[in-house]
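Notes follow the structure.
The values are calculated or read from the model by the stated rules, or taken from the named source; none is laboratory data. None of the values given here were measured: they were computed from a predicted structure. Glycine also receives a Cβ, built like all others from the backbone with ideal geometry; neighbour counts cover every protein chain displayed. When the accessible area is computed, the model is the full protein with side chains, heavy atoms only, and any ligands, DNA or RNA have been set aside. Shrake-Rupley method; radii C 1.70, N 1.55, O 1.52, S 1.80 Å.
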Amino acid sequence: MLYRARPRLLTPLLALVLAVALAGCSLFGRDDAETPVAQPPAGSAAGVPAPEIPTTVAAGQVSLIQRLGADAPLRTLSVERDGSWQCLDCAGDGVTSRGRLAAEQTERLQVLLADPRLAEETDQVRRYRTTCIDALTSSLLTSSGLITSQDCPGEERPAVAGEVLLLLTQATPAEVKG
(Lines give C-alpha, C1' and ligand atoms only; values in the text may rest on other atoms or scores of the structure.)
Protein backbone atom coordinates (compact mmCIF):
# COMPACT_ATOMS: atom_id res chain seq x y z
CA MET A 1 0.00 0.00 0.00
CA LEU A 2 2.87 2.33 0.62
CA TYR A 3 4.04 1.70 -2.94
CA ARG A 4 0.70 2.94 -4.32
CA ALA A 5 0.63 6.07 -2.13
CA ARG A 6 3.89 7.33 -3.61
CA PRO A 7 2.69 7.58 -7.25
CA ARG A 8 -0.45 9.43 -6.18
CA LEU A 9 1.60 12.02 -4.30
CA LEU A 10 4.39 12.08 -6.86
CA THR A 11 2.18 13.25 -9.76
CA PRO A 12 0.88 16.44 -8.03
CA LEU A 13 4.35 17.12 -6.65
CA LEU A 14 5.90 16.84 -10.16
CA ALA A 15 3.16 19.08 -11.56
CA LEU A 16 3.92 21.68 -8.89
CA VAL A 17 7.67 21.54 -9.60
CA LEU A 18 7.03 21.88 -13.34
CA ALA A 19 4.71 24.86 -12.81
CA VAL A 20 7.28 26.61 -10.59
CA ALA A 21 10.05 25.94 -13.12
CA LEU A 22 7.99 27.34 -16.00
CA ALA A 23 6.97 30.39 -13.98
CA GLY A 24 10.60 30.98 -13.04
CA CYS A 25 11.65 30.86 -16.69
CA SER A 26 9.02 33.39 -17.69
CA LEU A 27 10.02 35.73 -14.87
CA PHE A 28 13.78 35.62 -15.25
CA GLY A 29 14.49 35.28 -18.93
CA ARG A 30 13.17 34.90 -22.41
CA ASP A 31 14.13 32.97 -25.40
CA ASP A 32 15.62 35.25 -28.09
CA ALA A 33 12.84 34.20 -30.47
CA GLU A 34 10.29 35.70 -28.05
CA THR A 35 12.13 38.98 -27.52
CA PRO A 36 10.46 41.81 -29.44
CA VAL A 37 12.57 43.52 -32.07
CA ALA A 38 13.00 47.27 -31.67
CA GLN A 39 11.16 49.23 -34.32
CA PRO A 40 12.61 52.33 -35.98
CA PRO A 41 11.20 55.61 -34.67
CA ALA A 42 8.23 57.12 -36.44
CA GLY A 43 9.24 58.91 -39.59
CA SER A 44 12.40 56.90 -40.22
CA ALA A 45 12.71 54.31 -42.92
CA ALA A 46 13.57 50.72 -42.07
CA GLY A 47 17.28 50.11 -42.38
CA VAL A 48 18.13 53.81 -42.02
CA PRO A 49 19.87 54.48 -38.71
CA ALA A 50 17.91 56.71 -36.36
CA PRO A 51 19.64 59.88 -35.17
CA GLU A 52 21.46 59.55 -31.89
CA ILE A 53 19.35 61.19 -29.25
CA PRO A 54 21.24 62.08 -26.10
CA THR A 55 19.87 60.97 -22.76
CA THR A 56 22.22 62.99 -20.55
CA VAL A 57 24.49 65.98 -20.95
CA ALA A 58 27.32 67.38 -18.85
CA ALA A 59 27.29 70.80 -17.24
CA GLY A 60 27.65 73.48 -19.91
CA GLN A 61 26.22 71.30 -22.68
CA VAL A 62 22.68 71.36 -24.03
CA SER A 63 20.67 69.35 -26.52
CA LEU A 64 17.49 70.50 -28.19
CA ILE A 65 15.10 67.80 -29.41
CA GLN A 66 12.11 68.96 -31.45
CA ARG A 67 9.16 67.30 -33.13
CA LEU A 68 6.42 68.98 -35.16
CA GLY A 69 3.38 66.80 -34.47
CA ALA A 70 3.24 63.18 -33.39
CA ASP A 71 4.36 61.54 -36.64
CA ALA A 72 7.14 63.90 -37.71
CA PRO A 73 10.80 62.95 -37.48
CA LEU A 74 12.88 64.20 -34.58
CA ARG A 75 15.08 67.22 -35.04
CA THR A 76 18.16 67.31 -32.81
CA LEU A 77 20.69 69.99 -31.98
CA SER A 78 23.64 69.33 -29.67
CA VAL A 79 25.76 72.19 -28.37
CA GLU A 80 29.09 71.61 -26.64
CA ARG A 81 30.57 73.74 -23.87
CA ASP A 82 32.88 75.49 -26.40
CA GLY A 83 29.90 76.59 -28.53
CA SER A 84 30.35 74.05 -31.32
CA TRP A 85 27.07 72.54 -32.45
CA GLN A 86 25.73 69.77 -34.66
CA CYS A 87 22.21 69.85 -36.00
CA LEU A 88 20.39 66.83 -37.45
CA ASP A 89 17.31 67.80 -39.50
CA CYS A 90 16.91 71.00 -37.45
CA ALA A 91 14.78 72.80 -40.00
CA GLY A 92 12.86 69.67 -40.97
CA ASP A 93 14.70 69.54 -44.29
CA GLY A 94 16.79 66.41 -43.66
CA VAL A 95 20.05 68.38 -43.66
CA THR A 96 22.80 67.81 -41.08
CA SER A 97 24.83 70.90 -40.34
CA ARG A 98 27.60 71.97 -37.99
CA GLY A 99 28.82 75.29 -36.74
CA ARG A 100 30.00 77.29 -33.78
CA LEU A 101 28.22 79.92 -31.74
CA ALA A 102 29.81 83.35 -31.63
CA ALA A 103 31.91 84.00 -28.50
CA GLU A 104 29.26 86.25 -26.92
CA GLN A 105 26.53 83.67 -27.65
CA THR A 106 28.63 80.91 -26.09
CA GLU A 107 29.24 83.06 -23.01
CA ARG A 108 25.53 83.92 -22.71
CA LEU A 109 24.56 80.25 -23.13
CA GLN A 110 26.96 79.22 -20.36
CA VAL A 111 25.51 81.88 -18.02
CA LEU A 112 21.97 80.64 -18.74
CA LEU A 113 22.89 76.97 -18.30
CA ALA A 114 24.53 77.77 -14.94
CA ASP A 115 21.48 79.72 -13.71
CA PRO A 116 20.10 77.92 -10.62
CA ARG A 117 16.52 78.78 -11.68
CA LEU A 118 16.90 76.28 -14.55
CA ALA A 119 16.59 73.39 -12.07
CA GLU A 120 13.14 74.71 -11.07
CA GLU A 121 11.99 74.67 -14.71
CA THR A 122 12.49 70.95 -15.35
CA ASP A 123 9.52 68.85 -16.46
CA GLN A 124 9.75 66.87 -13.24
CA VAL A 125 9.55 69.93 -10.98
CA ARG A 126 6.79 71.56 -13.08
CA ARG A 127 5.01 68.21 -13.61
CA TYR A 128 4.82 69.22 -17.26
CA ARG A 129 2.44 67.49 -19.64
CA THR A 130 2.10 68.27 -23.33
CA THR A 131 -1.31 69.66 -24.18
CA CYS A 132 -1.38 70.54 -27.88
CA ILE A 133 -1.78 68.28 -30.87
CA ASP A 134 0.44 68.81 -33.92
CA ALA A 135 2.39 71.62 -32.24
CA LEU A 136 6.15 72.05 -32.29
CA THR A 137 7.39 70.41 -29.10
CA SER A 138 10.84 71.54 -27.97
CA SER A 139 12.73 69.71 -25.24
CA LEU A 140 15.96 71.05 -23.83
CA LEU A 141 18.18 68.45 -22.22
CA THR A 142 20.41 70.17 -19.69
CA SER A 143 22.49 68.92 -16.78
CA SER A 144 19.57 70.09 -14.58
CA GLY A 145 17.14 67.83 -16.45
CA LEU A 146 14.64 67.85 -19.30
CA ILE A 147 12.65 71.04 -19.94
CA THR A 148 9.82 70.80 -22.47
CA SER A 149 7.63 73.46 -24.02
CA GLN A 150 5.21 73.60 -26.93
CA ASP A 151 4.43 76.24 -29.51
CA CYS A 152 0.79 76.47 -28.36
CA PRO A 153 -1.49 79.47 -27.95
CA GLY A 154 -1.50 80.51 -24.30
CA GLU A 155 1.41 78.32 -23.19
CA GLU A 156 4.20 80.24 -21.54
CA ARG A 157 7.77 79.00 -21.77
CA PRO A 158 9.82 78.83 -18.58
CA ALA A 159 11.90 82.01 -18.33
CA VAL A 160 15.49 80.72 -18.40
CA ALA A 161 14.76 77.75 -20.68
CA GLY A 162 12.88 80.12 -22.99
CA GLU A 163 15.98 82.30 -23.26
CA VAL A 164 18.14 79.23 -24.02
CA LEU A 165 15.68 78.12 -26.70
CA LEU A 166 15.59 81.60 -28.24
CA LEU A 167 19.40 81.84 -28.29
CA LEU A 168 19.72 78.41 -29.93
CA THR A 169 17.06 79.08 -32.55
CA GLN A 170 18.54 82.45 -33.47
CA ALA A 171 22.07 81.08 -33.81
CA THR A 172 21.38 77.76 -35.57
CA PRO A 173 18.95 76.32 -38.15
CA ALA A 174 16.67 75.12 -35.29
CA GLU A 175 13.24 76.74 -35.18
CA VAL A 176 11.31 78.28 -32.31
CA LYS A 177 7.88 77.97 -33.97
CA GLY A 178 6.24 75.20 -35.96
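For the pair VAL125 and GLU80, the difference between a 0.36 nm per residue extended length and the Cα-Cα distance amounts to 13.7 nm. Placing dummy labels 7 Å off each Cα toward the beta-carbon, the span from THR56 to GLU156 is 3.3 nm. Here the range 47-178 exposes an accessible surface that is 51 percent carbon and sulfur, computed with a 1.4 Å probe and the other protein chains kept in place.
Using a/c under 1.5 as the rounded threshold, could you call the range 91-178 rounded, prolate or oblate? The axes a ≥ b ≥ c are square roots of the C-alpha gyration tensor eigenvalues, and prolate needs a/b larger than b/c, oblate otherwise. In terms of gyration-tensor shape, oblate.
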